[in-house]
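**Q** One structure follows; several queries about it will come next.
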Amino acid sequence: MKVSQLYVYPIKSLRPTALSEAILTPRGFPYDRCFMLLKVEAGENGSPSTLKNMHIPHFSEMSLFQTDIEFPKTDNDCGRVIVTHRSPGSRESQKLEVPLQPDVAGLEPLQIVMHRSPTTGYDMGAQYNEWFSERFGYAVKLAYLGSHSREVLGTLAPGKRKKSLPLPGWTLMSTEGIGKWLNPMLATAIAAKAICMIQEAVQEKPPLINAAFLFAVLAPVAVTVSYLLSTHSPEDRITFADCAPYLLISETSVSNVSARLPEGEEMDRTKFRPNIVVSGAENAFEEEFWSTLTVGPDLTRLFLRGNCVRCQSLNVDFTTGQIGTDESGNVLKKLMKDRRVDRGAKYSPVFGRYSFLDPAGAGTRICVGDEVGVSQKSAERTVFDWPGLSN
């Protein structure tokens with residue numbers, strides 16, 4: 001199998017920028033979903049206005065905006081996102097250039113919550129807000145994430161522990177069982193005893209501080225540090241992406257969807273919003289049993305941790321910015337027939353896999369044409385787990 005396409009979405013829910021290569025980071029491709037749009041909703045009875053997250057299933061007109069990226073060429077160049085908007089039926093287009101790495105000094109901070117995972121963004125200001133507002137026909141703000149990020153909720157990320165695990169036998173002393181408390185305490189007891197023995201050997205008299213006192217002082221610290229290390233890891237953070245740093249799909253599975261459309265029509269793979277597209281899979285949807293992939297000459301590992309459950313965005317007609325009126329507007333319904341295969345989201349069809357980078361691969365490069373291998377499979381499908389989103 002090979003990497004056939006790479007995509008980055010500098011502004012969430014707008015059309016993507018295709019790449020021939022990209023740098024892998026624990027939080028996704030650089031500049032992926034680093035901006036998002038928010039609708040300004042007027043308050044009632046004199047109350048302040050509120051901001052509503054804009055996602056393509058609810059704001060299908062977002063599909064009329066195409067993005068391209070000019071990456072920084074020098075240390076003093078911040079790069080730019082070039083946004084192109086074309087109204088349905090129009091031959092003319094309008095363009096806006098947005099700095100890819102804006103200076104946030106002086107920008108108003110915004111509190112943004114996506115899928116119950118909060119973060120802070122920055123209001124890009126009137127120049128950009130007014131351009132988007134004019135094209136949407138209602139007030140909109142463009143938000144920049146900056147150096148902030150969001151937590152991956154549930155157990156999707158590799159650093160997250162399972163919520164419910166059996167405790168009998170050997171698992172009692174694992175970090176997943178009661179061992180997450182006993183292990184640091186046991187280590188502290190051994191360390192305290194060793195310190196006292198060394199002190200006694202050096203001084204040739206009883207130690208000034210006994211092992212029991214050292215244990216009482218150090219054990220709470222050890223347990224706290226162990227807990228923090230086990231529950232918080234650097235790869236467990238994301239941008240304005242929905243649930244994971246990467247979304248991976250298979251060309252073979254896209255072809256399966258195309259076969260459900262009238263003869264001669266093909267499913268636009270970008271409607272699935274992938275970052276990485278893999279070609280050469282033998283069977284459609286076999287990726288749902290892939291656990292670990294290796295990519296490129298460095299055999300960089302990607303951990304496939306969850307299924308992507310689908311919504312109305314698959315039915316959007318990119319030429320009109322509306323829900324399709326022909327068979328392309330029934331893609332979600334077609335997938336409902338046999339793709340509701342995740343018991344964590346039993347009312348939604350599955351297509352694609354949420355993926356995370358092995359931290360050891362941070363900084364490596366992925367290219368179109370790179371070989372892809374399956375190094376680990378699972379006997380069962382994963383279960384979607386994001387608090388408040390599972391159904």
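**Q** Does Pro30 count as assigned to a loop (DSSP other than H, G, I, E, B), free of Cβ contacts under 8 Å to residues at least 60 places away in the same chain and under 12 Å from Pro245 (Cβ atoms)?
**A** yes
**Q** Further question: Quick check on the range 45-61. Is at least one of its residues of a type in the set (Asp, Glu), under 30 Å from Glu286 (Cα atoms), touching a strand residue (DSSP E or B) at 6+ places or on another chain (Cβ under 8 Å) and in the same structural domain as Thr294 (by TED's automatic domain parsing)?
**A** no
**Q** Does Thr119 satisfy the condition of being in a strand (DSSP E or B) and either charged (D, E, K, R) or under 18 Å from Pro30 (Cβ atoms) (or both)?
**A** Criteria met by Thr119.
**Q** May I ask you to list the residues in the range 253-284 that are within 23 Å of the chain's Cα centre (by Cα) and assigned to a helix (DSSP H, G or I)?
**A** Listed by number, the residues that qualify are Ser253, Val254, Arg269, Thr270, Lys271, Phe272.
**Q** Moving on to the next point. Considering Ser90, Ser147, which residue is polar (S, T, N, Q) and either modelled with pLDDT of 95 or more or surrounded by 19 or more Cβ atoms within 10 Å (Cβ to Cβ) (or both)?
**A** Exactly one of Ser90, Ser147 is polar (S, T, N, Q) and either modelled with pLDDT of 95 or more or surrounded by 19 or more Cβ atoms within 10 Å (Cβ to Cβ) (or both), namely Ser147.
**Q** Only one of Gly344, Gly321 is farther than 20 Å from Leu389 by Cβ and buried (at least 17 other Cβ atoms within 10 Å of the Cβ); which?
**A** Gly321
**Q** Can you name the residue in the range 289-317 that is part of a strand (DSSP E or B) and among the hydroxyl-bearing types (Ser, Thr, Tyr) and, of all such residues, is farthest from Ile366 (Cα to Cα)?
**A** Ranking the qualifying residues of the range 289-317, first place goes to Ser291.
**Q** Filter the range 122-138 for residues that are in contact (Cβ under 8 Å) with a residue 24 or more places away in the chain and in a loop (DSSP other than H, G, I, E, B) and give the result.
**A** Answer for the range 122-138, where residues must be in contact (Cβ under 8 Å) with a residue 24 or more places away in the chain and in a loop (DSSP other than H, G, I, E, B): Met124, Tyr138.
**Q** Considering Thr320, Thr325, Thr382, which residue is in a loop (DSSP other than H, G, I, E, B), more than 18 Å from Val254 (Cβ to Cβ), outside the structural domain of Thr239 (by TED's automatic domain parsing) and among the β-branched types (Val, Ile, Thr)?
**A** Thr382
**Q** Does the range 366-381 contain any residue that is over 18 Å from the mean Cα position of the chain (by Cα), of a type in the set (S, T, N, Q) and at pLDDT below 95?
**A** no
**Q** Consider Cys78 against the criteria (1) outside any strand (DSSP E or B); (2) of a type outside the set (A, V, I, L, M); (3) closer than 30 Å to Val383 by Cα: it satisfies all of them except one. Which criterion is unmet?
**A** Of the numbered conditions (1) outside any strand (DSSP E or B); (2) of a type outside the set (A, V, I, L, M); (3) closer than 30 Å to Val383 by Cα, the odd one out for Cys78 is (3).
The values are calculated or read from the model by the stated rules, or taken from the named source; none is laboratory data. Owing to the predicted nature of the structure, the values given are computational and were not obtained by experimental measurement. As a convention, Cβ positions derive from the backbone with ideal geometry for all residues, glycine included, and neighbour counts pool all protein chains shown.
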